[in-house]
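Have a look at the structure below, then the notes.
FYI, it's all coordinate maths here, none of it is from the lab. Here the structure is a predicted model, which is why all the values come from computation and not from measurement. In this analysis, Cβ positions are derived from the backbone assuming ideal geometry, glycine residues included, and neighbour counts consider all displayed protein chains.
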Amino acid sequence: MVKASSGYTLPVWVAAAACAAVRALDRGEEGPAAPFEGLQALELLEPPGVQQVPVEAAAPIGPGRALGISRCDPGAGLDLTRGLAVWVVASWIQPSPADAACFVLEPGEGVGVHGASGDLCASAYARAVLEANLRPLVGAGRAVRLRLVLPEGRALALRTSNAAFGVVDGLALIGTQAEVQRSAAPDQLQACLAALAARTATAGFAGDLVLVIGENGLDLAPSLGLPGELLLKAGNWLGPVLVAAGEAGVCRLLLFGYHGKLIKLAGGIFHTHHHLADGRAEVLTALAALEGLSGAALARLHAAATVEAALSELAASDPALAQRLERRIATAIEQRSMAYLARYGSFPMIVGAALFDRRRQLRVCGPQGQKLLEAFRHPLG
């Protein structure tokens with residue numbers, strides 16, 4: 001059994017509630033319910049090992065249906081999922097082909113879906129941890145429908161960047177591992193630095209690195225042709241990671257992230273968690289003023305709810321100016337990153353920037369970013 005060093009991501013709490021619901025479904029069919037078990041033994045997969053995860057309740061709720069309830073505990077630190085109730089309603093369905101998943105996951109109230117398709121937004125890890133833990137319970141020749149409900153999910157989603165990536169109606173079931181990573185905490189920085197050290201120490205390391213900011217960037221990068229072996233996920237401690245990359249011998253580094261996040265670097269803000277520093281509106285309007293925007297138009301830009309909204313509004317009224325401003329943002333990110341590095345030493349490292357938007361489309365590259373993107377997409381040899 002593994003010992004958790006932090007709280008768990010949302011997929012783990014969903015898996016716990018789902019397993020409890022399926023067990024209650026079996027109890028309901030077998031007659032009088034057995035005593036409720038408040039802990040579910042889950043295989044976490046990432047990291048490997050079994051951990052006891054608490055659930056609040058589980059019981060049959062009608063013929064062929066059962067409900068399992070867990071409550072998110074993300075551990076210490078700020079996290080909007082703290083105390084979030086997770087409801088999973090389980091019911092038997094006709095089995096799928098033998099090689100298919102043993103469950104069908106349906107979005108209920110408060111669960112995020114892709115706006116374009118209506119499909120539930122769930123990471124590969126979320127589905128894998130469900131499959132690993134449900135398969136022994138469901139058994140051969142059976143399958144189960146799981147309807148997921150997050151009663152507070154719709155309201156909480158308004159405090160996230162979900163909508164910026166096309167996810168609507170609630171919280172996305174994302175996460176690539178069991179334990180919560182603290183993007184603003186020192187231990188998250190140490191984990192990133194350790195991963196960087198391991199990457200640069202390998203025999204095949206050629207000096208190239210793509211520093212990806214956030215889960216959405218990590219998912220998008222391969223679709224743009226960026227090789228997986230170059231990708232390193234970074235949290236909010238971008239300044240120290242840049243310096244560590246230079247010290248470790250990285251020669252070409254591409255910053256790849258959402259423009260609403262990376263714009264902070266254009267203002268010299270190298271710790272990007274919003275609890276510690278923001279300034280996005282101020283950086284955006286300063287750069288827009290340098291491009292010639294003034295008066296009421298500049299005030300509207302500053303008042304926009306997000307960087308995405310500000311750029312979209314500007315593009316509607318003056319497309320050419322909006323394009324120039326986006327290029328200036330990307331160029332400023334590169335220039336300020338190089339200036340930041342120069343404060344800590346002399347490193348033969350080129351830094352480029354590639355920014356994507358809420359539609360998960362590549363939006364703009366800086367001069368160096370364009371060169372690095374093409375070089376990394378089409379390596380020699």
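Here the stretch 10-171 carries DSSP beta bridges of which approximately 80% are antiparallel, counting only pairs with both residues inside. Taking the helices alone, the chain has a mean residue ellipticity at 222 nm of -12000 deg cm²/dmol, built from -39,500 (n - 2.57) per DSSP H run of at least 4 residues and averaged over all its residues.
Taking the longest Cα principal axis of the chain as reference, the axis of helix 186-200 is set at about 70 degrees.
Extension gain, Arg159 to Glu37, is 40.5 nm, computed as 0.36 nm per intervening residue step minus the present C-alpha separation. Amide H to amide H distances under 5 Å link Gly75 with Gly7, Tyr8, where only residues 5 or more positions off or on other chains count and H is placed in the peptide plane. Remark: the Cα gyration tensor places the chain in the prolate category, a/c being 1.5 or greater and a/b exceeding b/c.
3J(HN,Hα) couplings calculated from phi for the stretch 105-112 with the Karplus curve 6.51 cos²θ - 1.76 cosθ + 1.60 (θ = phi - 60°) are, in sequence order, 9, 10, x, x, 4, x, 9, x Hz; Gly and Pro show x.
Between the amide H of Ile61 and those of Ala66, Leu67, distances stay under 5 Å, these residues lying 5 or more places away or on another chain, with hydrogens modeled in the peptide plane.
Per-peptide packing, taken as the mean over residues of other Cβ atoms within 10 Å, places 212-222, 349-359 in the sequence 349-359, 212-222 from highest down. Between the listed residues Tyr8, Gly175, Pro136, the Cα displaced farthest toward the positive end of the dipole of the chain, a dipole computed from Cβ unit charges relative to the Cα centre, is found at Gly175. Sequence-ordered 3J(HN,Hα) estimates for the stretch 56-70 from the Karplus curve with 6.51, -1.76 and 1.60 and θ = phi - 60° stand at 8, 6, 7, 6, x, 10, x, x, x, 9, 8, 10, x, 10, 10 Hz, glycine and proline given as x. At an R0 of 22 angstrom, the distance between the Cβ atoms of Ala132 and Val168 translates into a FRET efficiency of 0.15. Secondary structure note: in the chain, about 55% of the DSSP beta bridges are antiparallel.
Computing FRET efficiency as 1/(1 + (r/R0)^6) for Ala201 and Ala316, where r is the C-beta to C-beta distance and R0 is 51 Å, gives about 0.55. In percent, rounded to a whole number, the relative contact order of the stretch 301-381 is 23, using alpha-carbon pairs under 8 Å and six or more apart. Take every Cα pair under 8 Å whose residues are at least 6 apart in sequence, average their separation, divide by the length of the chain, and the relative contact order is 13 percent.
Search the structure for amide H atoms under 5 Å from the amide H of Gln177, placed 1.01 Å from N in the peptide plane, and list their residues when 5 or more places away or on another chain. Long-range HN contacts for Gln177: none found. Simple point charges give the picture: +1 on the Cβ of Lys and Arg, -1 on the Cβ of Asp and Glu, and for the chain a dipole about the Cα centre of about 600 debye. In percent, how large is the relative contact order of the stretch 186-377, given Cα pairs closer than 8 Å and 6 or more residues apart? Relative contact order for the stretch 186-377 comes out at 24 percent. Along the axis of the charge dipole computed for the chain (Cβ charges of +1 for Lys and Arg, -1 for Asp and Glu, origin at the Cα centre), the listed residues Gly366, Leu226, Gly49 are led at the positive end by Gly366.
When the square roots of the Cα gyration tensor eigenvalues are ordered a ≥ b ≥ c, the ratio a/c for the stretch 10-171 is 1.5 or more and a/b exceeds b/c, which makes its shape prolate. Across the stretch 147-160, coupling constants 3J(HN,Hα) worked out from phi with the 6.51/-1.76/1.60 Karplus curve, θ = phi - 60°, read 9, 9, 10, 10, x, 9, x, 5, 5, 5, 4, 5, 9, 10 Hz, and Gly and Pro carry x.
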